[in-house]
Amino acid sequence: MSFGIILKEALKNFFTKPVTTKYPFEPAHPPDKFRGLPIHLIEACTGCGLCEKDCPADAIKMIPDERTRKKQAPEFYYWKCIRCAQCYYSCPFDAIFMSKVFEVSVYDKTAISSEAIHK
């Protein structure tokens, strides 16, 4: 590659707007179909357990639920979740949707809970 081609490309890109963002200092805007953390709507859930059966990361467990009259409700272990959206696709009642939450880095994995995500 000749020096002239490299110089031409460098000068062309010197005056254009950068493609990257200054992420930690400016907010990031995920795209429309971004798969963040799964959010569970307890009102729409019937406790069928399909989300638990289809989760490849074993990040969902069905537990007894005292908040509603249902027998079971899913509990999400967000530190195991690989954001594959399989729970979203397998839920026949639209009780799970993928949020745009992606900033979940913590030192203690128990700090990530569904209550903290819904805030």
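The values are calculated or read from the model by the stated rules, or taken from the named source; none is laboratory data. Keep in mind the model is a prediction, meaning the values are calculated, not measured. No Cβ is skipped: glycine too gets one built from the backbone with ideal geometry, and neighbour counts run over all protein chains shown.
Having 3 or more residues that are of a type in the set (A, V, I, L, M, F, W, C), surrounded by 12 or more Cβ atoms within 10 Å (Cβ to Cβ) and touching a residue at least 60 places away in the same chain (Cβ under 8 Å) is the bar; report the helices (runs of 4 or more DSSP H) wholly within region 1-107 that clear it.
Values: elements: 3-14, 50-54, 86-90.
Because the criterion is at least 3 residues that are of a type in the set (A, V, I, L, M, F, W, C), surrounded by 12 or more Cβ atoms within 10 Å (Cβ to Cβ) and touching a residue at least 60 places away in the same chain (Cβ under 8 Å), no helices (runs of 4 or more DSSP H) in region 1-107 meet it.
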Over region 44-76, the set of residues farther than 18 Å from SER90 by Cβ, of a type outside the set (S, T, N, Q) and modelled with pLDDT under 85 is ASP65, GLU66, ARG67, ARG69, LYS71
